[in-house]
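See structure below.
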Amino acid sequence: MKNILLFGAGKSATVLIDYLLNNAAKEQWHLYVVDANHELAASKIGSSPHGTPLSFDIADTDARAGYVAKSSLVISMLPAALHSLVATECLAQGKHLLTASYVDPTIRAHAEDIAAKDLIFLCEMGLDPGIDHMSAMQLIADIRNQGGSIHSFLSHCGGLVAPESDDNPWHYKISWNPRNIVLAGKAGAVYRENGREAHTGYSDLFANRRQVPVTGQGNWGWYANRDSLSYAPLYGLEDASTFIRTTLRHPDFMEGWEQIIGLGLTAETPVYTTDGRSLQELFQHHLNEHGLSDTYQQLTADAQSVVARQLAFLAFDTPLPLSRPQYSPADLLQEVLETKLALQPADKDMIIMLHEIGYELAGEKKEVRSCLVVKGEDHLRTAMAKTVGLPLGIAAKLILNGTLTVRGLHIPVIKEIYEPVLKELATLGVAFTEDHV
């Protein structure tokens, strides 16, 4: 019997837990799910005899060490800032580790130690990052195997709401960590376009109004995502004249979020004391503190405008009681979004991923567009949970059954990882369609 230890039972973990439990009898596994909310962990495991819910503070050294020691492999679905605690424990006790998050600097600093202990720490093994890397690398390898030379690479991905559940002026509902939605884009973006390196600041990201057509799904707005250029060497595309990784959103969302930023609502400081004030009162206090009352009035003056309808939908002007003693503007925004943009039980989310790769083959200019569209089942088994969780679950199986034997610190850009994972994902309904021009 091999034990798998999973930290985190939140929104993105549901399908991962299902996959691990469904394979547990055949693979001889037992799954331990740790979450601060014991009831949540228990609900995700249900009546399965192959899982055990646990609840303890991740900072509890003895509890963390004890359960890692019992495990053959650890999966962390915790907030990114907590991965280093888990990674340090796994390294000390010689346990494999999987995460869906970007490589933590602390983990990167131990790359040589991870390899020396014959371990695999596999990061960026979710959707974006994760499936984006794997599918892109498979396309790139195929083009190169034909003798092609790549000059342009754009990779788009968005966690969106399915058309049948799109019933608000933001054309968006929350299917993943709401804090990440509030703070998305704050680091700005670095990318290369038409031979020129571009640096776009946070305030300009949502103002570009650029769109990309997706077959059968209409046009979607996009903004550049973080530091695209750090991935160019990993993809072997240092010489590509265009290299951009993006996030997809509805064009109306882009317009509205630009104004949300302008109203200072994504700021993590200052922190306001509630002092019994309602949502309306604290929101007005925020506007007054930053001289934004006139700006807000101007944005809402034309009740028919997209932004006015979006702000009215969020209902900052309602006298609702607040649940906490202190709020930053970002906290206030997050609480509102979690209420107004929540996936309802019958709602479906949707994932769209699109790679646009321009290349030259035998002296002829060509382009391949490879697209993935996945819809969720409901508000629990979402497309986001499926596309984040399944790559982790498949990788766990491949490691524990000895199919995946590479060791060291990795992200899934090598064929030993991406080929078997993509193959199984396709059997589970996560498959790309390609158009060649």
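The values are calculated or read from the model by the stated rules, or taken from the named source; none is laboratory data. Given the structure is predicted, the values throughout are model-derived calculations rather than measurements. Please note: Cβ atoms are built from the backbone with ideal geometry, for glycine as well, and neighbour counts cover all protein chains shown.
Kindly check whether there is at least one residue in the range 70-79 that is in contact with a Cys (Cβ under 6 Å, 6 or more places away or on another chain), under 22 Å from GLU124 (Cβ atoms) and either of a type in the set (A, V, I, L, M, F, W, C) or part of a helix (DSSP H, G or I) (or both).
Among the residues of the range 70-79, at least one is in contact with a Cys (Cβ under 6 Å, 6 or more places away or on another chain), under 22 Å from GLU124 (Cβ atoms) and either of a type in the set (A, V, I, L, M, F, W, C) or part of a helix (DSSP H, G or I) (or both), which makes the answer yes.
Tell me whether the range 273-283 contains one or more residues that are under 30 Å from HIS199 (Cα atoms) and surrounded by 17 or more Cβ atoms within 10 Å (Cβ to Cβ).
No, there is no match, as no residue in the range 273-283 is under 30 Å from HIS199 (Cα atoms) and surrounded by 17 or more Cβ atoms within 10 Å (Cβ to Cβ).
Looking at the range 33-58 only, could you name the residues that are hydroxyl-bearing (Ser, Thr, Tyr) and touching a helix residue (DSSP H, G or I) at 6+ places or on another chain (Cβ under 6 Å)?
Selection gives SER48, SER55.
For the range 291-328, how many residues are of a type in the set (Gly, Ala, Ser), closer than 24 Å to THR269 by Cα and assigned to a loop (DSSP other than H, G, I, E, B)?
4
Just to be sure I understand the filter: pairs with C-beta atoms under 6 Å, separated by 6 or more residues or on different chains, first member in the range 281-301 and closer than 25 Å to PRO321 by Cβ, second member at pLDDT 95 or above and part of a loop (DSSP other than H, G, I, E, B). Which pairs pass?
PHE283/PHE316; HIS290/GLY264; LEU292/LEU263
Tell me which strands (runs of 3 or more DSSP E) are completely within the range 329-437 and hold 3 or more residues being touching a strand residue (DSSP E or B) at 6+ places or on another chain (Cβ under 6 Å) and under 24 Å from TYR102 (Cβ atoms), or say none if there are none.
It comes to 349-361, 364-375.
So is LEU265 within 24 Å of ALA312 (Cα to Cα), surrounded by 16 or more Cβ atoms within 10 Å (Cβ to Cβ) and without any contact (Cβ under 8 Å) to a residue 24 or more places away in the chain or not?
Considered against the rule, which asks whether it is within 24 Å of ALA312 (Cα to Cα), surrounded by 16 or more Cβ atoms within 10 Å (Cβ to Cβ) and without any contact (Cβ under 8 Å) to a residue 24 or more places away in the chain, LEU265 comes out as no.
Quick check: is even one residue across the range 59-67 farther than 23 Å from THR387 by Cα, under 26 Å from the mean Cα position of the chain (by Cα) and aliphatic (A, V, I, L, M)?
Checked the range 59-67: at least one residue is farther than 23 Å from THR387 by Cα, under 26 Å from the mean Cα position of the chain (by Cα) and aliphatic (A, V, I, L, M).
Inside the range 68-83, can you point out the residues that are of a type outside the set (Gly, Ala, Ser) and surrounded by fewer than 19 Cβ atoms within 10 Å (Cβ to Cβ)?
Within the range 68-83, LYS70, PRO79, LEU82 meet the criteria.
From the list THR273, THR247, THR242, which residue is polar (S, T, N, Q), in contact (Cβ under 8 Å) with a residue 40 or more places away in the chain and not assigned by TED's automatic domain parsing to the domain that holds LEU154?
THR273
For the range 330-360, which positions are closer than 30 Å to HIS285 by Cβ and of a type in the set (A, V, I, L, M, F, W, C)?
Passing the criteria: ALA330, LEU332, LEU333, VAL336, LEU337, LEU341, ALA342.
Which of the residues belonging to the range 54-69 are touching a residue at least 24 places away in the same chain (Cβ under 8 Å) and either in a loop (DSSP other than H, G, I, E, B) or not hydroxyl-bearing (Ser, Thr, Tyr) (or both)?
Those that are touching a residue at least 24 places away in the same chain (Cβ under 8 Å) and either in a loop (DSSP other than H, G, I, E, B) or not hydroxyl-bearing (Ser, Thr, Tyr) (or both): ILE58, ALA59, ARG64, ALA65, VAL68, ALA69.
Counting just the residues of the range 345-402 that are within 30 Å of HIS151 (Cβ to Cβ) and without any contact (Cβ under 8 Å) to a residue 40 or more places away in the chain, which one comes out farthest from the chain's Cα centre (by Cα)?
Among those that are within 30 Å of HIS151 (Cβ to Cβ) and without any contact (Cβ under 8 Å) to a residue 40 or more places away in the chain, it is GLY363.
Can you find a residue in the range 263-273 that is part of a loop (DSSP other than H, G, I, E, B), in contact with a Ser or Thr (Cβ under 6 Å, 6 or more places away or on another chain), modelled with pLDDT of 95 or more and closer than 27 Å to TRP222 by Cβ?
Yes.
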